[in-house]
1. Suppose we filter the range 39-52 for residues that are out of contact with any strand residue (DSSP E or B) (no Cβ under 7 Å at 6 or more places or on another chain) and surrounded by 12 or more Cβ atoms within 10 Å (Cβ to Cβ); how many remain?
2. Being of a type outside the set (Val, Ile, Thr), more than 18 Å from Gln44 (Cβ to Cβ) and open to solvent by less than 70 Å² (accessible area, probe 1.4 Å) is the filter here, so list the residues in the range 85-114 that pass it.
3. Please enumerate the residues belonging to the range 12-60 that are of a type in the set (Gly, Ala, Ser) and under 20 Å from Gln106 (Cα atoms).
4. Name every residue in the range 49-101 that is touching a residue at least 40 places away in the same chain (Cβ under 8 Å), among the hydroxyl-bearing types (Ser, Thr, Tyr) and within 18 Å of Leu18 (Cβ to Cβ), in order of residue number.
5. Identify, by number, the condition in (1) surrounded by 14 or more Cβ atoms within 10 Å (Cβ to Cβ); (2) out of contact with any Phe, Trp or Tyr (no Cβ under 9 Å at 6 or more places or on another chain); (3) of a type outside the set (S, T, N, Q) that Trp36 doesn't meet.
6. Quick one: Gly42 ticks every box in (1) touching a helix residue (DSSP H, G or I) at 6+ places or on another chain (Cβ under 9 Å); (2) at positive phi bar one, so which box is it?
Amino acid sequence: QVQLVESGGGLVQPGGSLRLSCAASGNIVRFAPMGWYRQAPGKQRELVATITWGGTTNYADSVKGRFTISRDNAKNTIDLQMGSLKLEDTAVYYCNYHWLTDYWGQGTQVTVSS
């Protein structure tokens, strides 16, 4: 089993920044890709960004140029630096770890509001 614990969500004004962190523990396979997904009310969960063990990243078009995903393989953590936040970024953000199956964190709320 793999456990994922997210932190860093909160309330921010449009144009502001937030940093999310996720720590993985348990039966970790270092080479497993990790990422961030989000789910807004009434919508399906969607990919935000992923990162491989080697540091290759992939972003949703809606966040390119505004969000940056990073990874610390030694600590089994990933971060998501979010900037120029928009109202439509409001969602619950979930950390994901994928090795044979998907593991999810409990989610952290990000609310962008004036």
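The values are calculated or read from the model by the stated rules, or taken from the named source; none is laboratory data. Given the structure is predicted, the values throughout are model-derived calculations rather than measurements. So basically every Cβ, Gly included, is an ideal-geometry build from the backbone, and we count neighbours across all protein chains shown. Side chains included, ligands, DNA and RNA excluded: accessible areas come from the protein's heavy atoms. Shrake-Rupley method; radii C 1.70, N 1.55, O 1.52, S 1.80 Å.
1. To start, the set of residues in the range 39-52 that are out of contact with any strand residue (DSSP E or B) (no Cβ under 7 Å at 6 or more places or on another chain) comprises 41-44, 52.
Now drop any that are not surrounded by 12 or more Cβ atoms within 10 Å (Cβ to Cβ), which leaves 52.
Going through the range 39-52 one residue at a time, the tally reaches 1.
2. Passing the criteria: Leu85, Tyr97, Tyr103, Ser113.
3. Filtering the range 12-60 down to residues of a type in the set (Gly, Ala, Ser) leaves 15-17, 21, 23-26, 32, 35, 40, 42, 49, 54-55, 60.
Correct list: Ser21, Ala23, Ala24, Ser25, Gly26, Ala32, Gly35, Ala40, Gly42, Ala49.
4. Result: Thr77, Ser84, Thr90, Tyr93, Tyr94.
5. Failed condition: (2).
6. (1) is the only condition that Gly42 fails.
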